[in-house]
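Nothing in this text is a laboratory measurement; each read-out follows from the coordinates by a stated rule. All of these numbers come straight from a predicted model, not from anything done at the bench. Ideal geometry is used to build each Cβ from the backbone, glycine not excepted, and the neighbour counts take in all protein chains shown.
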Amino acid sequence: MLFLERLRENCHKHGSKTAIEFREEASTQMVSYKSLHAGMSKAAQWLSDQGVRPGDRVAVWLPKSVAGIHLHLASCSVGAISMPLNPAYSLPELQYLIRDSEARLLVVGSSPDSTSATKEALSGYGTEVVGMDPNRFDEQMPSGTGSCSSTEAGADRLAVMLYTSGTTGRPKGACMTHASLTANMEMLDEAWQWSSNDVLLHALPMFHVHGLLVALHGALYAGASCIVHPSFNAHRVLKDLASGECSVFMAVPTMYRRILAAIGDDRLDLRHMRLLTSGSDRLPVEVFEAIERQLGHRVVERYGMTETGIMLSNPIDGDRVPGQVGFPLPRVEMRIADPETGVESAEGVVGELQTRGPHVFSGYWRDPDKTKSSFNDDGWFRTGDLGKRDSRGRYELTSRMNDLIISGGFNVYPTEVEHVLARHPGVYQCAVVGVPDQEWGEAVTAFVVRRSEEVLNDELIIHCRQSLAAYKAPKRIVFVESLPLNAMGKVKKHELSRIADSLDER
Ligand code: MLC
C-alpha cells in the first residue's frame with residue numbers, strides 16, 4: 001500500500017488521535033489524524049485552484065510549520081511534486097532552484113514586503129509566487145471540505161524532489177517516486193518496529209530526507225503521534241525527552257553534542273524511550289559512549305542519503321556497535337565494490353558502498369547524464385562513500401571519494417563556496433575544505449590567496465552569506481601566500497585539511 005493510501009487509512013482509523021502536536025515556546029497547535037486529513041484535503045483543493053496539475057513542482061519556502069506539512073502532503077496527493085526548501089536559502093540560491101525546477105508554484109512565508117521582493121526576484125520565471133502566513137493557513141484555504149483525490153498518486157509518479165549539493169557546485173534535484181518513498185517506509189517500519197503507540201519527538205528540519213521522509217513520514221505511516229518543535233533547541237528537547245511522553249527521537253550528531261553539553265556532567269535517564277537514532281553524519285564513538293553514559297541509551301546509528309533514503313541500520317534487537325552503521329534494511333541490496341573496476345570487494349576490504357533496490361531514487365531532475373554516471377552498468381547506485389563489511393555483514397564507513405563537507409548534518413560541496421568566494425574582487429585564488437570540528441563535525445574552512453592585505457576575513461564571510469545559506473559560509477578563512485598544487489596544477493586539498501589547524505588566522 002502506497003504511503004499516501006496508508007496515511008489516509010490512518011486518518012480514518014485513528015480519527016481523533018493526535019497526529020501532530022506543534023509545540024512552540026508560547027503555544028501549541030494540536031492536529032488530530034482527522035484534522036490532518038481535512039487540512040490536506042483543503043490544501044489539495046487550494047493547490048488545484050492555483051492551477052497546480054499532476055507533475056507540477058510545488059516549492060514551499062516556509063518555516064517549519066503545520067501549514068508546510070499540509071502543503072507537502074497535499075502536493076503529493078494531487079500528483080504534484082513536493083519541493084520543500086530550506087528557509088535559510090539566499091535569494092540567489094532560491095532563484096537557481098526555481099529556475100532549474102521550473103516550479104509551477106512557490107509558497108513563501110513572511111511579510112508582504114518580502115513576498116514582493118521574492119516576486120520581483122523571480123519575475124519572468126513563470127512561477128506563481130504566493131505569500132502565506134503559516135499561522136493563518138486556515139484563513140487562506142478554501143471553505144468546505146476540499147478534495148484530496150487518491151487517484152493521482154500512482155506508484156511510479158514522482159512525489160518529492162529534494163535538492164542536494166552537487167560536486168559541480170550546483171545543487172541537483174533528487175527525484176523520488178511514491179513507490180520508492182513507500183519502500184523506504186516499509187523497510188524502516190519493519191526494522192525499527194514502529195507502532196501506533198509511538199510518540200516521536202521531531203526537532204529536525206523538514207526539508208530533507210531525515211526530518212521529512214524518515215521522521216515525519218515514519219511516524220505518520222505507523223499511525224503514531226509527533227511532537228514537533230519549530231526548531232532545534234537542546235534545552236527544550238531535553239525537557240520533552242525527560243517528560244516521559246516520547247518514545248522515539250531522531251537527530252544528527254551535532255544535536256546530540258548540544259544535548260550532552262546542555263546536561264553537562266549530569267545524567268538523565270531516558271531508558272523509557274524505545275528508540276534514539278542518529279544519522280546524516282557519522283556519530284563519533286566518544287559521542288555514542290557519552291550518550292550511553294549520560295542518557296542510558298545505545299543510539300541506533302544508521303546510514304542513508306537523499307538519493308536512497310535509509311539503507312543500513314544498527315539493529316533494534318542486537319548489538320548496536322559504535323562506529324558502525326549496521327546491516328542492510330530488509331530488501332536493500334548493499335555491497336562494497338572497487339570504485340574503479342566495479343568488482344565486488346572481499347570482506348574487510350575498503351571500497352565504495354553501492355546499493356540496489358526499491359528504495360533508490362529515480363534520478364536527478366532533467367539530468368540524464370548525471371543520473372547515468374551515478375549508477376554502474378548493473379544498476380548499482382554509487383554512494384561515493386567508502387567503507388567495509390565485516391564477517392557478520394556489518395558495515396562501517398571509512399571516508400569519502402569526493403570532497404563533500406558534512407557540517408552539522410548539512411551537505412556542503414566546496415566548489416559551490418569556492419565559486420562564490422572567487423567572485424570577490426579581492427580573492428586571487430581560493431580552496432575550501434572541511435576541517436574536523438567539535439561542534440559541526442566538519443567546519444567549512446576557506447584558504448584564500450588575496451590580492452591585497454586590505455581584504456578582511458569578515459568581508460569575505462559577509463560576501464559569501466549574500467549568495468549562500470549561512471551554514472555554507474566558511475566558519476574560518478585562512479589567508480595564505482599560495483595554495484599547494486600537484487603536478488596537474490590541482491589544489492592538494494588533503495594537505496590543506498592537515499595544515500588548517502597549524503596555520504594562524506591573519
Ligand atoms: C546552522 N548553522 C550552521 C549549521 N546550522 N553552520 C554550519 N553547519 C550547520 N549545520 C549556522 C547558522 O546559520 C548560524 O549562523 C549559526 O550556525 C548558529 O545557528 P544556530 O541557531 O545555533 O543553529 P541551529 O539553527 O541550531 O542549527 C544547528 C542544527 C542544524 C544542528 C540544529 O544545523 C540542523 O538542523 N542540522 C540538521 C541537518 C539535517 O537535518 N540534515 C539531514 C540531511 S538528510 P549565524 O552566524 O548567522 O549565527 C541526509 C540523509 C540522511 O543527510 O541519511 O539523513
Original post:
Which pairs, out of 119/370; 372/472; 17/64, put more than 24 Å between their alpha-carbon atoms?
Top reply: 119/370; 372/472
Original post:
Applying the Karplus parametrisation 6.51 cos²θ - 1.76 cosθ + 1.60 with θ = phi - 60° to the phi angles of the stretch 75-91, what ³J(HN,Hα) value in whole Hz is obtained for each residue in order, glycine and proline being reported as x?
Top reply: 4, 4, 6, 8, x, 7, 9, 6, 10, x, 10, 5, x, 7, 4, 7, 4
Original post:
What ³J(HN,Hα) values, in whole Hz, does the Karplus curve 6.51 cos²θ - 1.76 cosθ + 1.60 give for the stretch 66-73 when θ = phi - 60°, with x put for Gly and Pro?
Top reply: 5, 4, x, 5, 4, 5, 4, 5
Subject >> Pairwise centroid distance, computed over Cα atoms, of the stretch 388-419 with the stretch 64-114, Å >> reply: 27
Original post:
Tell me, what ³J(HN,Hα) does each residue in the stretch 422-428 have, in order and in whole Hz, if you take phi through Karplus 6.51 cos²θ - 1.76 cosθ + 1.60 with θ = phi - 60° and put x for Gly and Pro?
Top reply: 5, 6, 6, x, x, 9, 8
Subject >> Binned Cα-Cα distances of the chain, short to long, each 10 Å bin given as a whole percent >> reply: 4, 18, 29, 28, 16, 4, 0
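Pairs of Cα atoms under 8 Å, at least six residues apart: use those to get the relative contact order of the chain, whole percent. All intermediate terms of the calculation are to be shown ahead of the outcome.
Details: 1061 pairs, mean separation 58.4, N = 506.
Computed over the chain, the figure is 12 percent.
Hand me the GluC sites (Glu not before Pro) from the stretch 410-500 located in a DSSP loop with no more than 15 other Cβ atoms within 10 Å, in residue order please.
On the way: sites: 416, 418, 439, 442, 453, 454, 459, 481, 495; in loops: 439, 453, 454, 481.
For GluC sites (Glu not before Pro) across the stretch 410-500 that sit outside H, G, I, E and B with at most 15 neighbouring Cβ atoms in 10 Å, the list reads 439, 453, 454, 481.
Only Cα pairs under 8 Å and at least 6 apart count here; give the relative contact order of the stretch 78-193 as a rounded whole percent.
On the way: 117 pairs, mean separation 32.8, N = 116.
After rounding, I find 28 percent.
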Original post:
Calculated from DSSP H runs of 4 or more alone, at -39500 (n - 2.57) each and per residue, what is the 222 nm mean residue ellipticity of the chain, nearest 500?
Top reply: -9000 deg cm²/dmol
Original post:
Exactly which GluC sites (Glu not before Pro) in the stretch 205-312 are in a DSSP loop and have at most 14 other Cβ atoms within 10 Å?
Top reply: 245
Original post:
residue 363's amide H: which non-local residues (gap 5+, or another chain) put their own amide H closer than 5 Å, with H modeled 1.01 Å from N in plane and none for Pro or chain starts?
Top reply: 175
**OP:** Note down the magnitude of the dipole of the chain about its Cα centre, charges +1 on Lys and Arg C-beta and -1 on Asp and Glu C-beta and zero elsewhere, to the nearest 20 debye.
**Re:** 480
**OP:** Could you tell me what percent of the DSSP beta bridges with both partners in the chain are antiparallel, to the nearest 5?
**Re:** 60
Subject >> the stretch 404-502: antiparallel DSSP beta bridges as a percent of all, rounded to 5 >> reply: 80
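Dipole size in debye (nearest 20) for the stretch 372-445 around its Cα centre, Lys and Arg Cβ +1, Asp and Glu Cβ -1?
The dipole of the stretch 372-445 has a size of about 240 debye.
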Original post:
Under a point spin-label approximation (7 Å from Cα along Cα-to-Cβ), what is the residue 423-residue 99 distance to one decimal in nm?
Top reply: 1.0
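Where Lys and Arg each count +1 and Asp and Glu each count -1, what net charge lies around residue 119 among other residues with Cβ under 14 Å from its Cβ? Please list the in-between numbers first.
On the way: positive: none; negative: 113, 120, 128.
Combined, the nearby Lys, Arg, Asp and Glu give -3.
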**OP:** Can you tell me the relative contact order of the stretch 267-383? Whole percent, Cα pairs under 8 Å, sequence separation 6 or more.
**Re:** 17
Original post:
What are the residues whose amide H is under 5 Å from the amide H of residue 485, where those residues sit 5 or more places off or on another chain and H is modelled from the backbone?
Top reply: 492
Original post:
When the Cα centres of the stretch 1-28 and the stretch 460-483 are compared, how far apart do they sit, in Å?
Top reply: 42
Original post:
So who's got an amide H within less than 5 Å of the one on residue 128, skipping anything under 5 residues away but keeping other chains? H placed 1.01 Å off N, in plane.
Top reply: 105, 106
Original post:
How much length is gained on full extension from residue 331 to residue 235, taking 0.36 nm per residue of separation minus their Cα-Cα distance?
Top reply: 30.7 nm
Original post:
Looking at 249, 360, 321, which one has the Cα that reaches farthest to the positive end of the dipole of the chain (charges on Cβ: Lys, Arg +1; Asp, Glu -1)?
Top reply: 360
Original post:
So for the pair residue 285, residue 12, with labels modelled 7 Å out along Cα→Cβ, what separation do we get in nm?
Top reply: 5.3
Original post:
At what distance in nm do the modelled label points of residue 343 and residue 392 sit from each other, each positioned 7 Å from its Cα along Cα→Cβ?
Top reply: 3.0
Subject >> Paramagnetic reach from residue 317 (point 7 Å along Cα→Cβ, amide N under 17 Å) across the stretch 182-218 >> reply: 188-195
